[in-house]
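The values are calculated or read from the model by the stated rules, or taken from the named source; none is laboratory data. Since this is a predicted model, take the numbers as computed values, not measurements. All Cβ positions, even for glycine, are placed from backbone atoms using ideal geometry, and neighbour counts span all protein chains on display.
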Amino acid sequence: MWQRYKFYLFIFFNQYKGAIKQTPTLYYLCKSMLNDYLKYRKARVNAHGIHSPFVFEFYNEIVKKHQTEIDPKIEALRANLVRSEKKISFNELGAGSRKGTEKERTVKSIAKHAAITPKFGGLLARICRFYNVETVLEFGTSLGIGTSYLAKHSKRITTMEGCDSVLELANENVKTLGYDHVKSKLGEFSTLLNQFERDTIFDLIYIDGNHRLEPTLEYFEFALNHSHNDTFISLDEIYWSEEMKLAWEKIKADERINVSLDLFRMGIVCKRTGQRKQDFVLKF
Ligand SMILES: C[S@@+](CC[C@H](N)C(=O)[O-])C[C@H]1O[C@@H](n2cnc3c(N)ncnc32)[C@H](O)[C@@H]1O
């Protein structure tokens, strides 16, 4: 039994190493997240527990192939950023990272605490490749790591970021990697959302910024209005806080959503009208 718990603890601490080290409410967070993680472990299924053909295919092609699409060039760029002691001014918007809200941060700290992990970056790239995703919208560019994974197999991507110095660096990073189909927008998400034409539709929308209840629901509403039946709406950090947990519950329960996929750190929903409404907790 203890061996098992040690394994859970190891995975948990590895995944949230940064937050655990920095937060003053360390104990509460560890306890609550560990509980959530254990619940997730208990509920998660592999291919044998999936009866929906769409989710079965998603599991086999996207979730199971977790080694593919982790990009050496993007990871080399990440490695450089994680070593960078360069300081940039950082006007933290939204709920922010648990790393704090200081006005100046090192690039190293942002790369360590805000960027998508290789595992989830690879997952987004696989979705784009397998489902022929052409148009993408990303909430929260940060240093452009997630943007780059999304850009790998898509045709047009728009990414939004509120902090100018971070976005400047992200633009450089994305350019260095040779992705010239990325359009970045600087500003507060809610303001930028008003600038999209009503009939703009995306194949994938990645919500990864301002992890609070009301804003997340507002972004989700926008996502629904700008998606087709098969659009993937992906939300990061669905167990990050009580507010995010509530947001995830509400999104899953929304009657316009028929498929929800819980990968613990990330949640993905699709409208898929015509399919029986079902929630899946997938082993990843
Ligand atoms: C977790 S980071 C994004 C990481 C990135 N998606 C990746 O995968 O590497 C969240 C970013 O969203 C930005 N952000 C948060 N709330 C925002 C808001 N209300 N408007 C604009 N930008 C915001 C923050 O400045 C931060 O850089």
Does Ile201 count as within 24 Å of Ile62 (Cβ to Cβ), out of contact with any helix residue (DSSP H, G or I) (no Cβ under 7 Å at 6 or more places or on another chain) and touching a residue at least 40 places away in the same chain (Cβ under 8 Å)? yes
With respect to Lys17, is the statement that it is outside the structural domain of Asp262 (by TED's automatic domain parsing), farther than 26 Å from Ile268 by Cβ, modelled with pLDDT under 90 and out of contact with any Cys (no Cβ under 9 Å at 6 or more places or on another chain) true? no
Given the conditions (1) among the hydroxyl-bearing types (Ser, Thr, Tyr); (2) crowded, with 24+ Cβ neighbours inside 10 Å; (3) more than 8 Å from the ligand (Cβ to nearest atom), report the number of the one that Ser109 does not fulfil. (2)
Would you confirm, using the coordinates I've provided, whether Ile88 is at negative phi, modelled with pLDDT under 95, in contact with a helix residue (DSSP H, G or I) (Cβ under 9 Å, 6 or more places away or on another chain) and not in a loop (DSSP other than H, G, I, E, B)? yes
Condition (residue is assigned by TED's automatic domain parsing to the domain that holds Thr141, within 15 Å of the ligand (Cβ to nearest atom) and either at negative phi or at pLDDT 95 or above (or both)) applied to region 246-254: is it met by at least one residue? yes
Quick one: Arg272 ticks every box in (1) modelled with pLDDT of 95 or more; (2) surrounded by fewer than 18 Cβ atoms within 10 Å (Cβ to Cβ) bar one, so which box is it? (2)
Residue under question is Gly267, and the condition is that it be in the same structural domain as Asn132 (by TED's automatic domain parsing), closer than 20 Å to Leu150 by Cβ, of a type in the set (Gly, Ala, Ser) and more than 13 Å from the chain's Cα centre (by Cα); does it hold? no
Among the residues of region 238-268, write down those that are surrounded by fewer than 19 Cβ atoms within 10 Å (Cβ to Cβ) and assigned to a loop (DSSP other than H, G, I, E, B). Ser241, Asp254, Glu255, Arg256
